[in-house]
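J.: This is the structure I want to talk about, given as structure tokens.
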Amino acid sequence: MTIKSAFIEVQTHPKEPKIPKSPKIAEGKPPFTVHQFDILTILEARNDQEKLKGDRIQEFATKIVEFFSYVHNCEEGRRLVVKINSYVPEEEIYEEFAKIYTKYKILNRKTVGDYFFKETEDLVNKLCDDFEVIVRNTH
């Protein structure tokens, strides 16, 4: 038995020095308009915040309308409307509405967004009450 040995030559190259990256500076929104009085700058910031709140509330209201439309048009929702108009016990209406809410959440979480469901999770009965008012006022 003959054993052959082979040597592998490894060539090393000198490491190139790493050039540190320049730090990134965060960019915010442009500074407020310079006013003669500081209070005006504060009021301007508050107005911007109020506008953002108003936009979020409007977006949330739109999502509630879309949800109520879903409830009104799905098969379970049509049965719920009949129950609401038949004056069945409130608990039964809440249970039925909660089932519809859960189904809607499963089907539409990606399009509606987590924020809507996070905010309404513990208010399902209140949503049901609002839906009930709409149903009773339209019939």
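J.: Using the Cα centre of the stretch 92-139 as the reference point, and only Cβ charges (+1 on K/R, -1 on D/E), how large is the resulting charge dipole? Debye, rounded to the nearest 20. Walk me through the numbers on the way to the answer.
T.: Numbers: 8 positive and 10 negative charges, 66 e Å.
Charge dipole, the stretch 92-139, about its Cα centre: 320 debye, nearest 20.
J.: What order, most packed first, do the peptides 53-61, 115-123 have when packing is the mean number of other Cβ atoms within 10 Å of each residue? Display every interim value, and only then the final one.
T.: On the way: 53-61: 10.8, 115-123: 12.6.
Averaged packing, sorted descending, gives the order 115-123, 53-61.
J.: Put +1 on the Cβ of every Lys and Arg and -1 on every Asp and Glu Cβ in the stretch 13-137; which of Val135, Ile42, Val82 then has its Cα farthest towards the positive end of the dipole?
T.: Ile42
J.: Longer than 27 Å from Cα to Cα, which of Lys105/Lys126; Lys53/Lys99; Lys53/Lys110; Lys21/Lys51 are they? Say none if no pair is.
T.: The answer is Lys53/Lys99; Lys21/Lys51.
J.: From the backbone phi of the stretch 124-132, what are the Karplus-calculated ³J(HN,Hα) couplings (6.51 cos²θ - 1.76 cosθ + 1.60, θ = phi - 60°) in whole Hz, Gly and Pro given as x?
T.: These are the phi-based 3J(HN,Hα) values: 4, 5, 5, 4, 4, 4, 5, 5, 4 Hz.
J.: Another question about this same structure. Is there a quick way to get the dipole size of the stretch 44-100? I mean about its Cα centre, with the Cβ of Lys and Arg at +1 and of Asp and Glu at -1; what is the value in debye to the nearest 20?
T.: So the dipole magnitude of the stretch 44-100 works out to roughly 140 debye.
J.: Need the list of aspartates and glutamates near Lys83 for cross-linking: C-alpha distance under 20 angstrom, and skip anything on the same chain fewer than eight residues off.
T.: Cα-Cα hits under 20 Å: Glu75, Glu91, Glu92, Glu95, Glu96, Asp129, Asp130, Glu132.
J.: Right, something else. Arranged from highest to lowest average of other beta-carbon atoms within 10 Å per residue, in what order do the peptides 11-22, 88-99 appear?
T.: Going from most to least packed, we get 88-99, 11-22.
J.: Full extension from Asn47 to Val82: what is 0.36 nm times the residue separation minus their Cα-Cα distance, to one decimal in nm?
T.: Length difference between fully extended and current span is 8.1 nm.
J.: Here's a follow-up. Ranking request for peptides 39-48, 128-137: highest mean number of other beta-carbon atoms within 10 Å first, then the rest in descending order.
T.: Result, highest mean Cβ count within 10 Å first: 128-137, 39-48.
Read-outs throughout are calculated quantities, based only on the coordinates presented, and are distinct from any laboratory measurement. Every value quoted in this text rests on a predicted model; they were computed, and no experiment measured them. Glycine also receives a Cβ, built like all others from the backbone with ideal geometry; neighbour counts cover every protein chain displayed.
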